[in-house]
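Structure record follows, encoded as structure tokens.
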Amino acid sequence: MIEPRILEVRTKILKKNDELARDMRRRFTEAGVLVVNMVSSPGTGKTTFLRETLARLVARGEPCAAVVGDLETDNDARRLAESGAPVRQIMTHGLCHLEADMVERHLEGWNLSTLHYLFIENVGNLVCPTSWDLGESIRLALLSVTEGEDKPLKYPGLFNTADMAAITKIDLAEVCDFNRTQAMAAIEAVRPGMRVFEVSAKKGIGIDAWLDELAERRGALGYAER
Ligand SMILES: Nc1nc2c(ncn2[C@@H]2O[C@H](COP(=O)(O)OP(=O)(O)OP(=O)(O)O)[C@@H](O)[C@H]2O)c(=O)[nH]1
Ligand SMILES: [Mg+2]
């Protein structure tokens, strides 16, 4: 008897989130900022990859910023700030995902129209963030070589709603006996045709290709000339 009421409340909360996310997406578009939401399980390498991404953008003179979600601690925000980009930590105090209003609150005071890129590092979780639109243009699903090639098949929700994927820590591929063909096939089965980047933030592999794609996406949205 309880289940229908829980479902009803959940549907209402998600609807409210979707409406706010839609407004935020409109504001991001007007401001000319490309927004990327990075989602993966804990420890896949989101922060390390994002820190390298931000550092390269800063070095190129591309204005960028990031917000990062975690249950507790501002460890990731401090690591990301090493890039030189402005960064804010969102502490969810137990919640396993970010919601649009949390992101909106943490953007207060930033002039979005001065940014080219805004990155959102979601809370490490392969399931919960999937249902929560944050107004992003690109959802990036990350999978590391240490997690198992079949994760996209076991957690199709994330890979199915993603726009791009990244396989991280490829410097460890050999030692982990990582089967690239199987991993690619798993992603392809869930989301045919999705662009997949193979990266190592530690060794600096694959990051330039990722930055090229971001620039292209930003250009395709009509932002590049601003
Ligand atoms: N060998 C190797 N290790 C990496 C790489 N990227 C990240 N790591 C390591 O993996 C661990 C987790 O990396 P993080 O960047 O903190 O992962 P995360 O996804 O941000 O973790 P959460 O925010 O807790 O979900 C750290 O010990 C990193 O040093 C990589 O490219 N190669
Ligand atoms: Mg992190």
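What does the charge dipole of the range 3-220 about its Cα centre add up to, to the nearest 20 debye, if the Cβ of each Lys and Arg holds +1 and the Cβ of each Asp and Glu holds -1?
With Lys and Arg at +1 and Asp and Glu at -1, about 260 debye.
If you take the beta carbon distance between V58 and L221 as r and set R0 to 22 Å, what does 1/(1 + (r/R0)^6) give as a FRET efficiency, to the nearest 0.05? Walk me through the numbers on the way to the answer.
On the way: r = 22 Å, r/R0 = 0.98.
It comes out at approximately 0.55.
Please compute the Kirkwood hydrodynamic radius over the range 3-220, one decimal place, Å, based on all pairs of different Cα atoms.
Result for the range 3-220 stands at 17.6 Å.
Cut-off 13 Å, label point 7 angstrom out along Cα-to-Cβ of I205: give me the residues of the range 158-180 whose amide nitrogen falls inside.
Within reach of a label on I205, which here means backbone N under 13 Å from a point 7 Å along Cα→Cβ, the range 158-180 contributes 167-180.
For the range 72-87, in order, what is each residue's ³J(HN,Hα) by Karplus, 6.51 cos²θ - 1.76 cosθ + 1.60 with θ = phi - 60°, in whole Hz (x at glycine and Pro)?
3J(HN,Hα) across the range 72-87, in whole Hz: 9, 6, 10, 4, 5, 4, 5, 5, 5, 5, 4, 6, x, 8, x, 9.
Using amide H atoms built 1.01 Å from N in the peptide plane, name the residues 5+ places from S144, or on other chains, whose amide H lies under 5 Å from its own.
Correct list: T168.
Can you list residues from other chains, or at least 5 along the same chain, whose modelled amide H is less than 5 Å from the amide H of I205?
S200
Checking the cross-link filter: which aspartates and glutamates have an alpha carbon closer than 12 Å to that of K202, excluding same-chain neighbours under 8 positions apart?
Within the straight-line limit of under 12 Å, K202 reaches these aspartates and glutamates: E52, D171.
Among the lysines, which fall within straight-line cross-link reach of K12, defined as a Cα-Cα distance under 28 Å, with same-chain neighbours fewer than 8 residues apart omitted?
Here the lysines satisfying the reach criterion relative to K12 are K154.
So how much slack lies between R195 and V9, counting 0.36 nm per residue of separation and subtracting their Cα-Cα distance, in nm?
63.4 nm
Could you work out how much longer the chain between R79 and N179 gets when fully extended? Use 0.36 nm per residue separation minus the Cα distance between them, nm to one decimal. Walk me through the numbers on the way to the answer.
On the way: separation 100, 0.36 × 100 = 36.00 nm, distance 3.06 nm.
Result for the pair: 32.9 nm of gain on full extension.
Once you measure Cβ to Cβ distances between cysteines in the chain, which Cys have no partner under 4.7 Å?
If one checks each Cβ against the other cysteines of the chain, C64, C176 turn up with nothing under 4.7 Å.
Give the lysines reachable from K203 as a straight Cα distance under 21 Å; neighbours fewer than 8 places away on the same chain don't count.
Hits, sequence-local ones excluded: K46, K169.
Taking amide H atoms as placed 1.01 Å from N in the peptide plane, list the residues 5 or more away in sequence, or in a different chain, whose amide H sits under 5 Å from that of L98.
Counting only residues 5 or more places away or on other chains, the set is V123.
How much of the DSSP bridge set in the range 142-216 is antiparallel, in percent, rounded to the nearest 5?
The answer is about 10 percent antiparallel.
Every number here is computed from the coordinates shown, using simple stated rules; none is lab data. Worth saying up front: this structure is predicted, and the values here are computed from it rather than measured. Quick reminder, even Gly has a Cβ in these numbers, built from the backbone with ideal geometry, and neighbours come from all protein chains shown.
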